[in-house]
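Reading through the structure tokens given below for one structure.
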Amino acid sequence: MASRQEQIASALERLMNNAGSDVSGVAAVSMDGIVLVSKLSADVNADRVGAVAATMMGVTRRVSGELKIGVTEETIIKADNGLFMVLPAGDQSLLAVNLRQGANLGLVRIEAREAAKTIGTIL
């Protein structure tokens, strides 16, 4: 049987394969920002991405609570050269997804939700 880390890596790989070239990197991150598994490009600091993802989700959850709009399902940043999405992966982890500019956000969101669900069940 594969280890948890190998199972998470497999879920991340499946997400990247199913989303094609739209996804340029992914990471599974603990709620406190520790990177569990990452498949990010060499020029991206995975530890910083993990910390930023956890901070983003924390802030988003606080805003959702203050506005009384329910439980946060995802957070997306759209920038000049791409997008960055963070979503819960169970109760104890997050999925961070880096997308290229012009990515099919609908498809990536579907694939990311599936990957997050899988990671949540592994952990």
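Numerical summary
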read-out	value
Test: residue in region 67-90 that is assigned to a helix (DSSP H, G or I), open to solvent by 50 Å² or more (accessible area, probe 1.4 Å) and of a type in the set (Asp, Glu)	no
Selected residue [surrounded by 15 or more Cβ atoms within 10 Å (Cβ to Cβ) and more than 12 Å from the chain's Cα centre (by Cα)] from 11, 103	103
Residues of region 8-40 classified as part of a helix (DSSP H, G or I) and either of a type in the set (S, T, N, Q) or in contact (Cβ under 8 Å) with a residue 40 or more places away in the chain (or both), total	11
Residue check, residue 80 among the acidic types (Asp, Glu) and either within 20 Å of residue 120 (Cα to Cα) or free of Cβ contacts under 8 Å to residues at least 24 places away in the same chain (or both)	yes
Set 96, 27, 51: member being of a type in the set (Gly, Ala, Ser) and more than 11 Å from the chain's Cα centre (by Cα)	51
Among (1) within 22 Å of residue 105 (Cα to Cα); (2) free of Cβ contacts under 8 Å to residues at least 60 places away in the same chain, the one test that residue 58 misses	(1)
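Quick grid of which residues meet (1) under 14 Å from residue 85 (Cα atoms); (2) touching a helix residue (DSSP H, G or I) at 6+ places or on another chain (Cβ under 6 Å); (3) open to solvent by 50 Å² or more (accessible area, probe 1.4 Å):
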{"site": "18", "(1), (2), (3)": "no, yes, yes"}
{"site": "25", "(1), (2), (3)": "yes, no, no"}
{"site": "29", "(1), (2), (3)": "yes, yes, no"}
{"site": "54", "(1), (2), (3)": "yes, no, no"}
{"site": "58", "(1), (2), (3)": "yes, no, no"}
{"site": "63", "(1), (2), (3)": "no, no, yes"}
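The values are calculated or read from the model by the stated rules, or taken from the named source; none is laboratory data. Here the structure is a predicted model, which is why all the values come from computation and not from measurement. For neighbour counting, all protein chains shown are included, and Cβ atoms are generated from backbone atoms with ideal geometry for every residue, glycine included. To get the accessible areas, we keep the full protein, side chains included, count just its heavy atoms, and leave off ligands, DNA and RNA. Shrake-Rupley method; radii C 1.70, N 1.55, O 1.52, S 1.80 Å.
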